[in-house]
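To keep things clear, I will list the structure first and then write my remarks on it.
The values are calculated or read from the model by the stated rules, or taken from the named source; none is laboratory data. Given the structure is predicted, the values throughout are model-derived calculations rather than measurements. Ideal geometry is used to build each Cβ from the backbone, glycine not excepted, and the neighbour counts take in all protein chains shown. All accessible areas refer to the heavy atoms of the entire protein, side chains included, with ligands and DNA or RNA removed. Shrake-Rupley method; radii C 1.70, N 1.55, O 1.52, S 1.80 Å.
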Amino acid sequence: MSTIIASTAQRRPAFWSTQLYGYLLILPALSFLLLFTHYPAVATIWESLFSASRNNHPAHFVGLDNYMALLDDDIFIQSLWNNLLYALITIPLAVTLALMMALAVNRRLAANSLVRAAFFIPSLLPMIAIANLWLFFYTPQLGLLNKLLALFSLPAVNWLGEPGTSLYCLMAVSVWREAGFFMIFYLAALQQIDPRLNEAAAIEGASRGYFFRRVQWPLLMPTTLFVLINASMNAFRIVDQVIAMTNGGPNNSSSLLLFYIYRTAFSFWDMPAAAAMTVVLLVILAAIALIKFTLLDKRAHYQ
């Protein structure tokens with residue numbers, strides 16, 4: 001009995017030493033996580049509960065008044081609906097296009113490396129360069145799209161100057177840029193699938209469509225979940241593209257949520273209102289992530 005007690009007493013210092021060593025190893029990453037993620041989130045929530053300090057009037061606690069004011073802000077409501085529509089359209093299109101591109105370049109074809117590079121290059125370009133490139137397509141009268149319309153004797157369209165088309169023009173740019181980036185993840189996942197599964201399916205006479213539905217697609221579910229979460233975050237953090245191409249116009253038809261937060265904070269200098277909108281954005285992103293993990297994580301095959 002005394003031997004067991006002595007052995008236990010000797011293990012305790014070793015156990016705590018190992019635990020302390022492990023916590024010291026994660027301390028740098030944990031410090032950055034707390035400093036640049038958790039602290040800003042808590043500070044934003046706290047600031048959203050106060051009024052703006054203006055004309056030598058200090059800020060005072062107003063509770064949920066900033067959140068209630070958002071319900072009467074027509075531009076906020078429009079920006080929110082624009083962003084939801086933006087996400088509803090761009091996420092499925094970008095993910096579907098990325099998967100199709102990955103399936104296309106996963107085969108052994110001539111100039112395969114060149115095609116992969118062509119698909120991936122748009123995701124490497126800075127947004128300002130991309131915006132100026134697409135402005136060449138959308139420019140009234142002189143733009144490439146209107147030149148194509150003129151070939152068929154169709155009238156020119158002010159793509160970014162019409163409320164009915166400006167938001168969809170931004171969507172096209174986002175899908176074009178993000179599909180190549182997501183393609184890399186799908187391509188990596190496809191190359192991890194055991195080739196013997198394809199050989200067995202070919203021996204059994206399974207078509208490519210059947211093999212994709214029954215084998216490839218279930219094995220791609222972890223990658224799809226990862227891509228969907230990233231696509232959702234990207235859809236709600238668009239701001240530089242809006243500034244460079246439309247500046248939210250015309251008549252706020254292309255105003256997105258983060259762009260309106262930016263304008264409220266740094267043009268109108270209403271930090272508490274911007275903080276309240278940021279909290280709403282965080283809640284939306286958390287809800288989307290929770291729904292996707294709840295619905296898709298059970299169908300993901302990680303091994």
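All but one of (1) more than 14 Å from the chain's Cα centre (by Cα); (2) open to solvent by less than 50 Å² (accessible area, probe 1.4 Å); (3) of a type outside the set (Phe, Trp, Tyr) hold for Ala87, so report the exception by its number.
(1)
If Leu160 satisfies all but one of (1) in a loop (DSSP other than H, G, I, E, B); (2) surrounded by fewer than 19 Cβ atoms within 10 Å (Cβ to Cβ), what's the number of the condition it fails?
Only one criterion in (1) in a loop (DSSP other than H, G, I, E, B); (2) surrounded by fewer than 19 Cβ atoms within 10 Å (Cβ to Cβ) is unmet by Leu160, namely (2).
Yes/no matrix, rows are residues, columns are (1) over 24 Å from Phe182 (Cα atoms); (2) touching a residue at least 24 places away in the same chain (Cβ under 8 Å):
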{"residue": "Ala102", "(1), (2)": "no, yes"}
{"residue": "Asn106", "(1), (2)": "no, yes"}
{"residue": "Val115", "(1), (2)": "no, no"}
{"residue": "Phe120", "(1), (2)": "no, yes"}
{"residue": "Ser123", "(1), (2)": "no, yes"}
{"residue": "Leu145", "(1), (2)": "yes, no"}
{"residue": "Leu148", "(1), (2)": "yes, no"}
{"residue": "Leu160", "(1), (2)": "yes, yes"}
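Name the residue, out of Phe259, Phe268, Phe293, that is of a type in the set (Phe, Trp, Tyr), farther than 22 Å from Val175 by Cβ and assigned to a helix (DSSP H, G or I).
Values: Phe259 fails: farther than 22 Å from Val175 by Cβ; Phe268 fails: assigned to a helix (DSSP H, G or I).
None of the other options fit; the residue is Phe293.
Please specify each residue of segment 196-207 satisfying the condition of being part of a loop (DSSP other than H, G, I, E, B) and surrounded by fewer than 10 Cβ atoms within 10 Å (Cβ to Cβ). Even if it seems obvious, please write down each step before you answer.
Going through segment 196-207, the residues part of a loop (DSSP other than H, G, I, E, B) turn out to be 204-207.
Glu204, Gly205 - these are the residues of segment 196-207 that are part of a loop (DSSP other than H, G, I, E, B) and surrounded by fewer than 10 Cβ atoms within 10 Å (Cβ to Cβ).
Out of curiosity, is Ile193 open to solvent by less than 30 Å² (accessible area, probe 1.4 Å) and either without any contact (Cβ under 8 Å) to a residue 40 or more places away in the chain or more than 30 Å from Gln78 (Cβ to Cβ) (or both)?
Details: open to solvent by less than 30 Å² (accessible area, probe 1.4 Å): yes; either without any contact (Cβ under 8 Å) to a residue 40 or more places away in the chain or more than 30 Å from Gln78 (Cβ to Cβ) (or both): yes.
Yes: the conditions hold for Ile193.
With respect to Thr90, determine if the residue is in contact with a Ser or Thr (Cβ under 7 Å, 6 or more places away or on another chain), part of a helix (DSSP H, G or I) and among the β-branched types (Val, Ile, Thr). Walk me through how you get there before you give the answer.
Numbers: in contact with a Ser or Thr (Cβ under 7 Å, 6 or more places away or on another chain): yes; part of a helix (DSSP H, G or I): yes; among the β-branched types (Val, Ile, Thr): yes.
Yes, satisfied.
Given the structure, is Leu281 among the hydrophobic types (A, V, I, L, M, F, W, C), surrounded by 16 or more Cβ atoms within 10 Å (Cβ to Cβ) and without any contact (Cβ under 8 Å) to a residue 60 or more places away in the chain? Let's see the steps before the verdict.
Details: among the hydrophobic types (A, V, I, L, M, F, W, C): yes; surrounded by 16 or more Cβ atoms within 10 Å (Cβ to Cβ): yes; without any contact (Cβ under 8 Å) to a residue 60 or more places away in the chain: yes.
Yes: the conditions hold for Leu281.
Out of (1) open to solvent by 50 Å² or more (accessible area, probe 1.4 Å); (2) modelled with pLDDT under 90, what's the single condition that is false for Phe181?
Exception for Phe181: condition (2).
Could you say which residue among Leu187, Leu145, Leu167, Leu154 is part of a helix (DSSP H, G or I) and either over 22 Å from Asn234 (Cβ atoms) or of a type in the set (Ser, Thr, Tyr) (or both)?
Details: Leu187 fails: either over 22 Å from Asn234 (Cβ atoms) or of a type in the set (Ser, Thr, Tyr) (or both); Leu167 fails: either over 22 Å from Asn234 (Cβ atoms) or of a type in the set (Ser, Thr, Tyr) (or both); Leu154 fails: part of a helix (DSSP H, G or I).
One residue alone meets the criteria, Leu145.
When Ser79 is evaluated against the numbered criteria (1) open to solvent by less than 100 Å² (accessible area, probe 1.4 Å); (2) under 25 Å from Tyr260 (Cα atoms); (3) of a type in the set (S, T, N, Q); (4) at pLDDT below 90, which criterion, by number, is the only one it fails?
Checking Ser79 against (1) open to solvent by less than 100 Å² (accessible area, probe 1.4 Å); (2) under 25 Å from Tyr260 (Cα atoms); (3) of a type in the set (S, T, N, Q); (4) at pLDDT below 90, the one that fails is (4).
Within segment 125-143, track down each residue that is without any contact (Cβ under 8 Å) to a residue 24 or more places away in the chain, farther than 11 Å from Leu160 by Cα and surrounded by fewer than 17 Cβ atoms within 10 Å (Cβ to Cβ).
Within segment 125-143, Pro126, Ala129, Leu133, Phe136, Gln141, Leu142 meet the criteria.
When residues of segment 107-123 are filtered for being open to solvent by less than 70 Å² (accessible area, probe 1.4 Å) and over 22 Å from Val173 (Cα atoms), how many remain?
Of the residues in that region, 2 qualify.
Can you tell me which of Leu71, Leu49, Leu35, Leu27 is open to solvent by 100 Å² or more (accessible area, probe 1.4 Å) and at pLDDT 80 or above? Before you say what the answer is, go through the steps one by one.
Details: Leu49 fails: open to solvent by 100 Å² or more (accessible area, probe 1.4 Å); Leu35 fails: open to solvent by 100 Å² or more (accessible area, probe 1.4 Å); Leu27 fails: open to solvent by 100 Å² or more (accessible area, probe 1.4 Å).
Among Leu71, Leu49, Leu35, Leu27, only Leu71 is open to solvent by 100 Å² or more (accessible area, probe 1.4 Å) and at pLDDT 80 or above.
Would you be able to tell me the number of residues in segment 231-251 that are in contact (Cβ under 8 Å) with a residue 40 or more places away in the chain, open to solvent by 10 Å² or more (accessible area, probe 1.4 Å) and either among the aliphatic types (A, V, I, L, M) or in contact with a Phe, Trp or Tyr (Cβ under 8 Å, 6 or more places away or on another chain) (or both)?
4
Take Tyr210 and tell me if it is among the hydroxyl-bearing types (Ser, Thr, Tyr), part of a helix (DSSP H, G or I) and over 15 Å from Ala104 (Cα atoms). Lay out the reasoning, then the answer.
Values: among the hydroxyl-bearing types (Ser, Thr, Tyr): yes; part of a helix (DSSP H, G or I): yes; over 15 Å from Ala104 (Cα atoms): yes.
Answer is yes for this residue.
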